[in-house]
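In what follows, a structure is listed as structure tokens, so that the remarks can point back to it.
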Amino acid sequence: MAAKHLISECLEKIFSNLLDNNNRNHKSTKDIHSLHSCTLVSRHWCRISTPFLYSYPFHYFYHRNSNNSNKSSYFKLIRTLLGCIPKSIKIYSKTL
């Protein structure tokens with residue numbers, strides 16, 4: 001069990017470095033694609049890498065040319081994120 005925990009910590013460090021390098025240098029989405037590939041390695045890797053992949057969801061759109069297809073995908077992402085907000089918070093925000 002301790003070895004698995006150590007592997008998880010190492011993987012977390014690797015995945016965070018992928019994102020840190022990507023944000024710092026404003027590279028293309030290559031590192032995001034690499035991170036996505038990491039989710040496909042195994043269930044263990046998927047559990048660890050998925051939070052990193054979803055931690056910055058708009059990065060993909062930031063580096064793409066703006067056209068109608070990308071704008072449509074952008075709005076779909078926003079709609080999905082808003083759909084995840086609990087109903088009680090939506091009702092509360094309407095009363096403000």
Regarding Ser66, is this residue modelled with pLDDT of 75 or more and either over 15 Å from the mean Cα position of the chain (by Cα) or loosely packed, with under 13 Cβ neighbours inside 10 Å (or both)? no
Per the filter on the stretch 1-41, residues basic (Lys, Arg) and either modelled with pLDDT of 85 or more or in contact with a helix residue (DSSP H, G or I) (Cβ under 9 Å, 6 or more places away or on another chain) (or both) are Lys4, Lys13, Lys27, Lys30
Only one of (1) touching a helix residue (DSSP H, G or I) at 6+ places or on another chain (Cβ under 9 Å); (2) at pLDDT 85 or above; (3) within 25 Å of Ser37 (Cα to Cα) is not met by Leu82, so which one is it? (3)
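The values are calculated or read from the model by the stated rules, or taken from the named source; none is laboratory data. As the structure is a computational prediction, the values presented were derived from the model and not from experiment. Heads up, the Cβs are rebuilt from the backbone with ideal geometry, glycines too, and the neighbour counts pull from every protein chain shown.
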